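Working notes, structure below.
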Amino acid sequence: MRCPFCRHEDTQVVDSRVSEDGAAIRRRRRCPSCDKRFTTYERSELALPALVKRDGSRVEFDRRKVAASMQLALRKRPVSADALADAIAGIEFQLLATGEREVKSDAVGELVMQALGRLDKVAYVRFASVYRQFEDVSDFQDVIEEFNRTSTPAPGTRD
């Protein structure tokens, strides 16, 4: 593995762990040349279903787009990068589990909303406001009420 800092050809694996969902291996690496450390993820490459967009066009599933939209919703929120990576891996797993060759992009949006709802309530509302194209304050109230009806608080937390 090439060092992303100094481009040295060979790096050393310091630590390897299986991610929480078991879908990836997280490796901590160290460059012997510049002595910097970085993390890599190793995951199997599987054929995810194509997405059918609202206009009928078809595109490949892009993990980076899902990650970018979730990161935007989670901006300045107390959610770890590992928790986000696990949520994205869970979305991919759910898509693979469908066994379908194509899924509607709306289904992916709903999976993202579910994942954000488990990670952070504020991020859930942020994402919902863009995804569902809110037009006024009542739309925010509706989604907050929906979230409160469908979510159950984690043990030891307050709403």
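The values are calculated or read from the model by the stated rules, or taken from the named source; none is laboratory data. The structure displayed is predicted, hence computed values, not measured ones. Counting neighbours? That spans all protein chains shown, and the Cβs are built from the backbone with ideal geometry, glycine included.
Here is how the numbers come out for the structure above:
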quantity	calculated
Helices (runs of 4 or more DSSP H) within the stretch 89-152 that include 2 or more residues among the polar types (S, T, N, Q)	105-119, 137-150
Verdict on D15 being farther than 30 Å from A107 by Cβ and touching a residue at least 12 places away in the same chain (Cβ under 8 Å)	yes
Scan of the stretch 4-25 for residues that are within 30 Å of G99 (Cβ to Cβ) and either assigned to a loop (DSSP other than H, G, I, E, B) or not basic (K, R) (or both), ordered by number	V18, S19, E20, D21, G22, A23, A24, I25
Number of positions in the stretch 113-145 that are within 21 Å of A87 (Cα to Cα) and at pLDDT 75 or above	18
The stretch 26-58, residues that are surrounded by fewer than 14 Cβ atoms within 10 Å (Cβ to Cβ), touching a Ser or Thr at 6+ places or on another chain (Cβ under 8 Å) and assigned to a strand (DSSP E or B)	Y41
Pairs, first under 13 Å from M113 (Cα atoms) in the stretch 61-76, second among the hydroxyl-bearing types (S, T, Y), C-beta under 8 Å, six or more apart	A73/Y124
Single residue of S80, S33 found to be within 20 Å of the chain's Cα centre (by Cα) and either more than 28 Å from G109 (Cβ to Cβ) or without any contact (Cβ under 8 Å) to a residue 12 or more places away in the chain (or both)	S80
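Yes/no matrix, rows are residues, columns are (1) surrounded by fewer than 18 Cβ atoms within 10 Å (Cβ to Cβ); (2) touching a strand residue (DSSP E or B) at 6+ places or on another chain (Cβ under 9 Å); (3) more than 16 Å from R63 (Cβ to Cβ); (4) small (G, A, S):
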| position | (1), (2), (3), (4) |
| --- | --- |
| P78 | yes, no, yes, no |
| L84 | no, no, no, no |
| F93 | yes, no, no, no |
| T98 | yes, no, yes, no |
| Q114 | yes, no, yes, no |
| L119 | no, no, yes, no |
| V122 | yes, no, yes, no |
| F127 | no, no, yes, no |
